[in-house]
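For reference, the structure is listed below as structure tokens.
The values are calculated or read from the model by the stated rules, or taken from the named source; none is laboratory data. All values reported here derive from a predicted model rather than from experimental measurement. Because the Cβ atoms are built from the backbone with ideal geometry, glycine has one as well, and the counts that use them run over all protein chains shown.
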Amino acid sequence: MTIFQQLSTQHQRCDSELSATEVAITKQQWSEASAAWSRFMAETERHFQLEELQLFPKLEAQIGSPMGPTAVMRHEHQQLRELLTEVTTLIAAQAREAALGEIETVLVLLQQHNGKEESILYPMADRFGISLEVA
């Protein structure tokens with residue numbers, strides 16, 4: 001399986017959990033929202049860790065620099081982590097409108113972020129023949 005296939009599939013799983021969270025919040029089904037959000041958070045963090053600990057260092061070794069696209073992706077991961085923490089607080093407070101607004105922001109940022117990874121980083125990794133160890 002290519003990097004593109006492997007990590008794009010992870011993006012889809014994350015998207016599915018984010019969507020489930022949004023639906024549950026809309027219906028004010030807070031226990032379901034919390035459970036879906038927990039799955040989303042776990043899947044997203046697992047994905048970020050795979051990229052940060054394996055993919056990015058291997059790409060940087062190939063391109064000879066820790067700067068460039070991997071630095072941008074790390075920065076975006078940190079921004080997303082901060083936003084996800086805010087959403088966690090809003091779900092716990094059952095703040096429907098605020099949570100839905102922040103989830104919309106998360107969705108937009110993830111779409112942009114994932115688009116960059118899927119159009120630039122993953123094809124580059126596949127061209128370099130990089131492989132990942134996935135547990």
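Of the residues Q94, Q62, the single one that is in a helix (DSSP H, G or I) and out of contact with any Leu (no Cβ under 7 Å at 6 or more places or on another chain) is Q62.
If only residues of segment 56-104 that are of a type in the set (V, I, T) and under 18 Å from the mean Cα position of the chain (by Cα) are counted, the one that is surrounded by the fewest Cβ atoms within 10 Å (Cβ to Cβ) is T85.
Here are some conditions: (1) under 17 Å from H11 (Cβ atoms); (2) assigned to a loop (DSSP other than H, G, I, E, B). E133 meets all but one. Which one does it not meet? The one condition E133 does not meet is (1).
Here is a yes/no grid of residues against (1) at pLDDT below 95; (2) of a type outside the set (A, V, I, L, M, F, W, C); (3) under 21 Å from L132 (Cβ atoms):
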| residue | (1), (2), (3) |
| --- | --- |
| L18 | no, no, no |
| K27 | no, yes, no |
| S34 | no, yes, no |
| R74 | no, yes, yes |
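A single entry from E17, E45, E52 fulfils the requirement of being buried (at least 18 other Cβ atoms within 10 Å of the Cβ) and of a type in the set (D, E, K, R): E17.
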